[in-house]
Amino acid sequence: MITVKAKYLQLSRAVEVKGEDFVLHPHSCYRELLEAVMKKHPSLTYIAMLVLVNGVPPSPDTELKDRDEVDFVASPMGG
């Protein structure tokens, strides 16, 4: 198993924690983490976000490794 750290930045209205660990199967991809995050925090489904895996935008098939950090950052809304 691998442990991946999800961090929620500028999302305090939608998520009550600033970060949490997810335990996934080896060779899990970003898409699988996203599904787990959305299942645990369904309110994030409606928020536009920038996502970074270790500081780099992932593709859905980006393989995650043990101790990766995934940042979920609220996109700024303006008008």
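Bear in mind these aren't lab numbers, they're just calculated from the coordinates by the rules spelled out. All values derive from a computational prediction rather than experimental measurement. Because the Cβ atoms are built from the backbone with ideal geometry, glycine has one as well, and the counts that use them run over all protein chains shown.
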GluC sites (Glu not before Pro) in the stretch 1-72 lying in a DSSP loop, each with at most 15 other Cβ atoms within 10 Å of its Cβ, come to Glu16
Whole-number value, in Å³ per residue, for the convex hull of the alpha carbons of the stretch 2-74 is 75 Å³
Under the helix-only model (-39500 (n - 2.57) for each DSSP H run of 4 or more, divided by the residues of the chain), the mean residue ellipticity at 222 nm, to 500 deg cm²/dmol, is -4000 deg cm²/dmol
To the nearest 10 degrees, the tilt of helix 30-40 (Cα long axis) against the first principal axis of the alpha carbons of the chain is 60 degrees
